[in-house]
Amino acid sequence: MKPLEAVSVLDLTEGNPYIGSVFADYGATVLKVEKPQGGDDIRRRGGTPEEEGPYAQYYLRGKKSIAIDYTTADGQEIVRKLAAKCDMVAVNKQEDYMERLGLGYENLKAVNPKLIYGVLTPFGKEGPWKDCPDYDLIVMAKCGLLEKTGFPERPTKFGFPLAYIYASWHLTAGMMAAYLKAEESGEGSKVSVSSWHTMMELDDTFAECMQGLNVLPRRLGNGFPTTNPTDTFHCKDGWFALSIGSDKQWLDFAREAGRDDWGEGSVYAHDPDRSMKHYFGELDQQLKDYFATISIDEADQICRRAMVPGGPCNTVEELMKDEQVADRGMMITVGGETQIGIPAKFSGADDLDNIEPGHVLGADTQAVLTEYGVE
């Protein structure tokens, strides 16, 4: 039995289906409401006019697709009737908009006092930014994370939409916390999260500044301001990442690398001198020169012998072929297609990777309405 099989979620999100995907992957019944014409925008991402893109099957797996236009009076009434019989509702529209449709938290609470109503927005309900349009890049720019990420000459974004995914995870966690509380109290609640909130919380350099260091973080590429070496280095056959977090790790690395000039008795042996005085100078160049003489495999073996964090900068293709991925079940087959597996592994839940492929638009509309007694 999957962990969330007893939970039902009415998913009203559009274009950012990760919230419903977390619930669906762990076994919840997710009723994915989509526009009758074209469905959720995720169906077209990366696709063609004739075929849906690769995102659709990944993000719609395990969900039931019901085609309802909830901008109409009839559609709104159907949504209210479904919400009356679901444990949770998830939306990613502005709350004012949902209230105008008669589908805000207070509207749906009236038909289901125990309902958990989850809201994901870019910047929250209040404040001068609340109505600003957004994409992941803009959220990370406004939260300050973009300004201190990348190399000195230019701010750099992450390689995937971190803000949306991390915010969605926080919302699902908050909704589950509210659900557990409602099971005891009988009273539901609204849980609101913004992408901007979560990026502020994620960035611990805010805490450093608030603790009185009075130093703004600066862009260091792949380096780290206080503990080094933490960086990527080019070997004879590609890139390798190394992250040293203590004097012991550094000394063990120096020993296995055969570099006594980096070990005990040298100016590099101990922090803070190694990281603060020497790394962003001659030691950085010495490491670059050293890694340029060895292969990725040689660097990996040195780190394994020394038991220090290090590893190749894998391509997606290399990662998929790695035995670690197979051993942890992080590639699964869904409907004949290879997809990313589920991160959390549960003892006694052998069927967790048994996931239904995404359904065609509106395939479950009539069956769901009949099951939930909605005319």
Reported label for calculated mean projected area of the Cα convex hull in nm² given (1) 22.9; (2) 18.2; (3) 20.4:
(1)
To the nearest Å, what is the center-to-center distance of segment 71-109 and segment 265-328, using C-alpha atoms only?
52
Karplus-derived HN-Hα couplings along segment 270-281 (A = 6.51, B = -1.76, C = 1.60, θ = phi - 60°), whole Hz, x at Gly and Pro:
10, 7, x, 4, 4, 6, 8, 9, 10, 5, 7, x
Quick one: if you stick a label point 7 Å off each Cα along the C-beta vector at PHE346 and ALA73, how many nm between them?
4.3
Evaluate the relative contact order of the chain (contact order divided by residue number), counting alpha-carbon pairs under 8 angstrom at least 6 apart; express in whole percent.
18
What's the magnitude of the charge dipole for the chain around its Cα centre, counting Lys and Arg as +1 and Asp and Glu as -1 at the beta-carbon? Answer in Debye, nearest 20.
680
About the Cα centre of segment 230-318, what is the dipole size in debye to 20, counting +1 per Lys and Arg Cβ and -1 per Asp and Glu Cβ, all else neutral?
140
Give the cross-link partners of LYS157 among the aspartates and glutamates, using a straight C-alpha distance below 15 Å as the criterion and excluding same-chain residues fewer than 8 apart.
ASP134, ASP136, GLU147, ASP203
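Starting from the Cα-Cα distance between MET276 and VAL360, subtract it from 0.36 nm times their residue separation and give me the gain in nm to one decimal. Don't jump to the answer; show the numbers that get you there.
Values: separation 84, 0.36 × 84 = 30.24 nm, distance 5.68 nm.
That works out to 24.6 nm of additional length.
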Between ASP237 and THR333, Cβ-based FRET efficiency (R0 30 Å, step 0.05) works out to 0.40
Which value in nm describes the separation of the simple spin-label points at ASP322 and LYS93, placed 7 Å from the Cα toward the beta carbon?
4.2
With unit charges on the beta carbon (Lys/Arg positive, Asp/Glu negative), name the residue among GLY245, VAL111, PHE160 whose Cα is farthest towards the positive pole of the charge dipole of the chain.
VAL111
Reachable lysines from LYS181, Cα under 28 Å, same-chain residues fewer than 8 places away excluded?
LYS2, LYS32, LYS63, LYS64, LYS81, LYS85, LYS93, LYS109, LYS114, LYS125, LYS190, LYS345
Between the residues HIS234, GLY358, TRP262, the Cα farthest towards the positive end of the dipole of segment 234-375, that dipole coming from +1 and -1 charges on the beta-carbon of Lys, Arg, Asp and Glu, is from TRP262
Paramagnetic reach from ARG100 in segment 111-135 [backbone N under 14 Å; point 7 Å along Cα→Cβ]:
131-132
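By average Cβ neighbour count within 10 Å, what is the ranking of 186-197, 289-300 from highest down? The partial results should precede the final answer.
Values: 186-197: 20.4, 289-300: 15.8.
Ranked from most to least packed, the peptides come out as 186-197, 289-300.
Values quoted throughout were computed directly from the atomic coordinates according to the rules given, and no laboratory measurement underlies them. Since we're looking at a predicted model, the values are computed, not measured. Reconstructed Cβ throughout: ideal geometry from the backbone, glycine too, with neighbour counts over all protein chains shown.
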